[in-house]
Amino acid sequence: MITQSFFEEFEVPDNFQLLIPGKTLHFYAGVDANNKPTVFILTSVKPGNLQANGTISVETGRRRDGKWTLSFTLEKSDLLDVFSAFANDLVDSSLDVKSEKEGLAFVESRYEAWREIMASGHSGLLSLNAIKGLTGEMYFLLHYMIPTYGVEKSVLSWIGPRKAAQDFVMNDTWYEIKTIASSSEAVTISSLEQLDSDQQGELVVQYADKTSITNRSGCTVNQLYKQLMELVESRVDLKQLLQNELQKMGYLPISYYDNFAFVFKATSYYRVNAGFPALRRRKIPISIAGAVYQISLSAIEPFKKEG
């Protein structure tokens, strides 16, 4: 695994190390002539034209032996952690390719995914809160929505990655998912719109704690993503929809996310109706552009669903 310290250990410029020799694609990582962290591929297939993204520059070259190189170089030294994750993702996710042509096309598409993420304002890595939130939504999708509504309807109902008001909207109801620590006494509502709907819906509170990656009771977002991809393997349209929506929100199943495991301990469901204590847009001054507030869990006990 490539770490930040990996690039710092090269004492002279223009120095590289072969990664995972014997595989279809030959990856090298090290520092270029200007001592900038770089990862490149040596291939007999001519690479396509890729655009730089401001954080990572791209260069294609041809050697005297006729082989091509496709190099990715970090231009912003303060984002070495992001670049290390990017390099690991390129290597790890292309291990099973069967030919150089297929592998190069895969790497190019992978880079484009990273470029779009960074262009949309993401550093390339989700924050811990975002990781936990996404893990919770995937867990709910796999353990409640799909068993209840089926794969297709459940996947199409998941609009959380699009930053919609609620996480899931199904038929005449909706579900807003909050994944919090088991010791929490309140839940944070991050916008006025989350619980403000003319339709009755449900606030779903999942209690989950961060745990060791060696704990077999824990799960990571990558593990849940893999389970989800297996369920939609035969449905290319659903698979692409999921991958595109997750990519837009800044998630790619890179090895970095294997470091964050959570144990889900319990789930509570609360009916959100006209009497539920939530802020409603029509009841606050028009000059209030937005609000983040907390709801006491003990205070909404009367709205809790049985079983």
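The values are calculated or read from the model by the stated rules, or taken from the named source; none is laboratory data. Worth saying up front: this structure is predicted, and the values here are computed from it rather than measured. Positions of Cβ are backbone-derived with ideal geometry, glycine not excepted, and every protein chain shown enters the neighbour counts. Quick note on the areas: whole protein, heavy atoms, side chains included, nothing else; ligands and nucleic acids left out. Shrake-Rupley method; radii C 1.70, N 1.55, O 1.52, S 1.80 Å.
Which residues, counting only those in segment 6-20, are at positive phi and open to solvent by 90 Å² or more (accessible area, probe 1.4 Å)?
Of everything in segment 6-20, just one residue is at positive phi and open to solvent by 90 Å² or more (accessible area, probe 1.4 Å), namely Asp14.
Scanning segment 156-188 for residues that are within 21 Å of Met229 (Cα to Cα) and within 16 Å of the chain's Cα centre (by Cα) gives Trp158, Ile159, Gly160, Pro161, Arg162, Asp167.
Checking Asn15, Asn34 one by one, the residue that is touching a Gly at 6+ places or on another chain (Cβ under 6 Å) and over 18 Å from Gly250 (Cα atoms) is Asn15 and no other.
Looking at Ala274, Ala278, which is the one that is loosely packed, with under 11 Cβ neighbours inside 10 Å, out of contact with any helix residue (DSSP H, G or I) (no Cβ under 6 Å at 6 or more places or on another chain) and at pLDDT 90 or above? Steps first, please.
On the way: Ala278 fails: loosely packed, with under 11 Cβ neighbours inside 10 Å.
Answer to the selection: Ala274.
Got at least one residue in segment 158-178 being modelled with pLDDT of 95 or more, farther than 29 Å from Arg282 by Cβ and surrounded by 13 or more Cβ atoms within 10 Å (Cβ to Cβ)? Looking for residues that are modelled with pLDDT of 95 or more, farther than 29 Å from Arg282 by Cβ and surrounded by 13 or more Cβ atoms within 10 Å (Cβ to Cβ), one finds none in segment 158-178, hence no.
Only residues that are in a loop (DSSP other than H, G, I, E, B) and either touching an Asp or Glu at 6+ places or on another chain (Cβ under 6 Å) or free of Cβ contacts under 8 Å to residues at least 60 places away in the same chain (or both): list them for segment 1-18, please. Glu9, Phe10, Glu11, Val12, Pro13, Asp14, listed by residue number.
Determine which member of the set Ser94, Ser84 is closer than 27 Å to Pro161 by Cβ, polar (S, T, N, Q), assigned to a loop (DSSP other than H, G, I, E, B) and open to solvent by less than 30 Å² (accessible area, probe 1.4 Å). If you could, list the steps in order and put the result at the bottom.
Values: Ser84 fails: assigned to a loop (DSSP other than H, G, I, E, B).
That would be Ser94, the only listed residue that is closer than 27 Å to Pro161 by Cβ, polar (S, T, N, Q), assigned to a loop (DSSP other than H, G, I, E, B) and open to solvent by less than 30 Å² (accessible area, probe 1.4 Å).
For segment 97-128, the candidate set comprises residues that are part of a helix (DSSP H, G or I) and in contact with an Asp or Glu (Cβ under 8 Å, 6 or more places away or on another chain); within that set, the residue that is surrounded by the most Cβ atoms within 10 Å (Cβ to Cβ) is Trp114.
Of the residues making up segment 283-307, those that are touching a residue at least 24 places away in the same chain (Cβ under 8 Å) and not β-branched (Val, Ile, Thr) are Gly290, Ala291, Tyr293, Gln294, Ser296, Leu297, Ser298, Phe303, Lys304, Lys305. For Asp196, the requirement of being farther than 23 Å from Gly250 by Cβ, touching a residue at least 40 places away in the same chain (Cβ under 8 Å) and over 21 Å from the mean Cα position of the chain (by Cα) is met. Reported count of residues in segment 284-307, each being acidic (Asp, Glu) and in a loop (DSSP other than H, G, I, E, B), is 1. Pick from segment 130-186 the residues that are assigned to a strand (DSSP E or B) and of a type in the set (Ser, Thr, Tyr): which of them is farthest from Arg271 (Cα to Cα)? By that ranking, first place goes to Thr179.
Note on segment 63-81: among residues that are more than 24 Å from Ser44 (Cβ to Cβ) and hydrophobic (A, V, I, L, M, F, W, C), the one that is surrounded by the most Cβ atoms within 10 Å (Cβ to Cβ) is Leu74. Checking the structure you have, find out if any residue of segment 188-196 is surrounded by fewer than 20 Cβ atoms within 10 Å (Cβ to Cβ) and under 20 Å from Glu301 (Cα atoms). Yes - at least one qualifying residue is present in segment 188-196.
For every residue, the table says whether it meets (1) open to solvent by less than 50 Å² (accessible area, probe 1.4 Å); (2) small (Gly, Ala, Ser); (3) closer than 25 Å to Leu80 by Cα.
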position: Leu238; (1), (2), (3): yes, no, no
position: Gln243; (1), (2), (3): no, no, no
position: Leu246; (1), (2), (3): yes, no, yes
position: Asn259; (1), (2), (3): no, no, yes
position: Thr267; (1), (2), (3): no, no, no
position: Tyr270; (1), (2), (3): yes, no, no
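Which one is nearest to Ser255 (Cα to Cα) among residues in segment 213-239 that are of a type outside the set (Val, Ile, Thr) and outside any helix (DSSP H, G or I)? If we take residues in segment 213-239 being of a type outside the set (Val, Ile, Thr) and outside any helix (DSSP H, G or I), then Cys219 is nearest to Ser255 (Cα to Cα).
Per the listing Ser255, Ser287, the residue uniquely open to solvent by 60 Å² or more (accessible area, probe 1.4 Å) and not aliphatic (A, V, I, L, M) is Ser287. Out of all the residues in segment 159-193, which are of a type in the set (A, V, I, L, M, F, W, C) and either at positive phi or in contact (Cβ under 8 Å) with a residue 40 or more places away in the chain (or both)? Hits for segment 159-193 are Ile177, Ala186, Val187, Ile189, Leu192.
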